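To start, the structure under review is shown below, and the notes come after it.
The values are calculated or read from the model by the stated rules, or taken from the named source; none is laboratory data. Because the structure is a prediction, the values reported are computed rather than measured. When we count neighbours, we look across all protein chains shown, and the Cβ atoms used for this are built from the backbone with ideal geometry, even at glycine.
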Amino acid sequence: MIKALILAHHFPPDNVVAARRSYAYAIYLKKFGIEPTILTFLHEKEYISNDKWKFKIHKTGTPVKYESKPEYEVYRVPLIKTKRQRLYNVITRNSKLKVLINMLLTPFGIYSPDILNLETRYDEFLNSHLKSTKYDVIIGVYSPSIGLKLAAKYGLKYQTPYILDFRDLWDNKIMNVAYQPAFPKRIRNYFIKRSFSKWLANSSFFSITSEPWRRKMAEITKTPGHVIENGYSHLNTTPFKTNAKFTIRSVGTIYPEQDLSIFINGYRNFLKKWKPKVLLEFIGIKNRIHPDFERLISVVPKQYVQVSGTKDQHTALKLINNSDLLYFPAFDSIKGWCSVKLYEYLASGRPILVSPGDCDVVDEKIHKSRAGQIMNTSNEVTEFLSSAYGKWANGEDLFIDRDIKFIKHHSRENQVRNLSLEISGIFNNKINSNVQS
């Protein structure tokens, strides 16, 4: 059994989508001959008020928490504020000053100053732990960049093969040819790209979530890369029950790079035409993520649209699976960006309306899975919704003949299997090299 140490800042019970990737590694790797140990932080929260919470700051001397599960082991490092972290927090209370300070820190390799204290704690733990515990491979998960940095540091120190795993590029917007980052962002991108190149230089390989992004990474490193997609958690097999209203849902964060206008205008025209029993729900909306969100949906009569905040994964999946129609606005200006929510949509068994498409990875998945339709104009959206609503009103199933085999290929378990094959290849190559020598 290959022993793997995985440096993953985001890990359950952390409810961010990034935690699902590292959790998939934790629960599935052992099935494929790799015994995982996770290093993360002690994720505990304290209630403030009005349903608001904050991370619990632990007392100095709080020990690292160890847990053993049938599939994995995990070490949770306590969140203890250092003097350096306190100083940073005080100085950066002013948002403009924070931008300046963050820019000045980047040449020193500090890309996540909000968690400076945790970088110190992770480093201290690894320095002690690896003196007495041997691993066959170290995997650093991005983001944040701490996992990459420490995987490279301790991989080299102990002559242990290490792998760098990327959910994102250093800046996903660089995949838009028209992108012109502001000066602080250009400075950050320059230095973090240089650090990535340095950390990648001695890694066995890197993994990333799409082929366009793999090609982009290949511009800064000669280290081989492999596409390990995000995937879905569970394939829904529960029989669908039609809702009292024709329910269209978008579940998850909406980013500024996602164009809602085509769908919203088409939806508004559909409402004028039919005056239907319909509800459009945006679930998981975070304040200030999409600056034009409120303005865009304000053209829709209030009785036809509903907005709510972030849900836990179980609730979010239940809402996805109980939708008459799922709405996904692709990142039409950014190549290679395929959100986790699209994989969960594919697994739900519910029809998907992509508007607009991206002429890239999202369109390819919709076409090959036969799980939905792509609409690039408001008129197309109106016509599609009219047809779908008519079928719903007549009690007809909206769905077409999906390619289940293609969809199953995109499970998280299958993606972990792909990663395990690449990891096993490191040791097979070592054995072959030793035999030849």
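For the reader, a short list of remarks on this structure follows.
- Qualifying residue in the stretch 62-83 (condition: among the charged types (D, E, K, R), surrounded by 13 or more Cβ atoms within 10 Å (Cβ to Cβ) and modelled with pLDDT under 85): yes
- Any hit, the stretch 335-342, residues being closer than 20 Å to F384 by Cβ, part of a helix (DSSP H, G or I), in contact (Cβ under 8 Å) with a residue 24 or more places away in the chain and not polar (S, T, N, Q): yes
- Hits in the stretch 291-326 - residues which are part of a loop (DSSP other than H, G, I, E, B) and farther than 16 Å from T253 by Cα: S298, V299, V300, P301, N322, S323, D324
- For the stretch 96-114, the criterion of a residue being over 27 Å from the mean Cα position of the chain (by Cα), closer than 25 Å to R194 by Cα and surrounded by 18 or more Cβ atoms within 10 Å (Cβ to Cβ) is satisfied by no position.
- Verdict on Y135 being touching a Leu at 6+ places or on another chain (Cβ under 6 Å), aromatic (F, W, Y), modelled with pLDDT of 95 or more and assigned to a helix (DSSP H, G or I): no
- Which numbered condition S49 misses (of (1) among the small types (G, A, S); (2) modelled with pLDDT under 85; (3) crowded, with 17+ Cβ neighbours inside 10 Å): (3)
- Single condition R350 does not satisfy, out of (1) more than 19 Å from the chain's Cα centre (by Cα); (2) part of a helix (DSSP H, G or I); (3) among the charged types (D, E, K, R): (2)
- Qualifying residue in the stretch 84-104 (condition: among the polar types (S, T, N, Q), assigned to a loop (DSSP other than H, G, I, E, B) and at positive phi): no
- The combined condition, being farther than 22 Å from T160 by Cβ and either loosely packed, with under 12 Cβ neighbours inside 10 Å or not small (G, A, S) (or both), is not fulfilled by H9.
- Residue count for the stretch 8-23 under the criterion of being closer than 19 Å to V251 by Cβ, in contact (Cβ under 8 Å) with a residue 24 or more places away in the chain and within 12 Å of the chain's Cα centre (by Cα): the result is 5.
- Test: residue in the stretch 130-144 that is touching a residue at least 60 places away in the same chain (Cβ under 8 Å) and in contact with a Lys or Arg (Cβ under 6 Å, 6 or more places away or on another chain): yes
- For the stretch 26-43, filtering for residues that are surrounded by fewer than 22 Cβ atoms within 10 Å (Cβ to Cβ) and touching a residue at least 40 places away in the same chain (Cβ under 8 Å) leaves 6.
Residue-by-condition table, conditions (1) under 28 Å from the mean Cα position of the chain (by Cα); (2) part of a loop (DSSP other than H, G, I, E, B); (3) farther than 19 Å from Y232 by Cβ:
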{"residue": "C359", "(1), (2), (3)": "yes, yes, yes"}
{"residue": "K365", "(1), (2), (3)": "yes, no, no"}
{"residue": "E383", "(1), (2), (3)": "no, no, yes"}
{"residue": "G395", "(1), (2), (3)": "no, yes, yes"}
{"residue": "R402", "(1), (2), (3)": "yes, yes, no"}
{"residue": "I407", "(1), (2), (3)": "yes, no, no"}
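- Reported count of residues in the stretch 264-299, each being aliphatic (A, V, I, L, M), over 21 Å from S348 (Cα atoms) and at pLDDT below 90, is 4.
- Filter pass, S210 being touching a Lys or Arg at 6+ places or on another chain (Cβ under 9 Å), modelled with pLDDT of 95 or more and of a type in the set (G, A, S): yes
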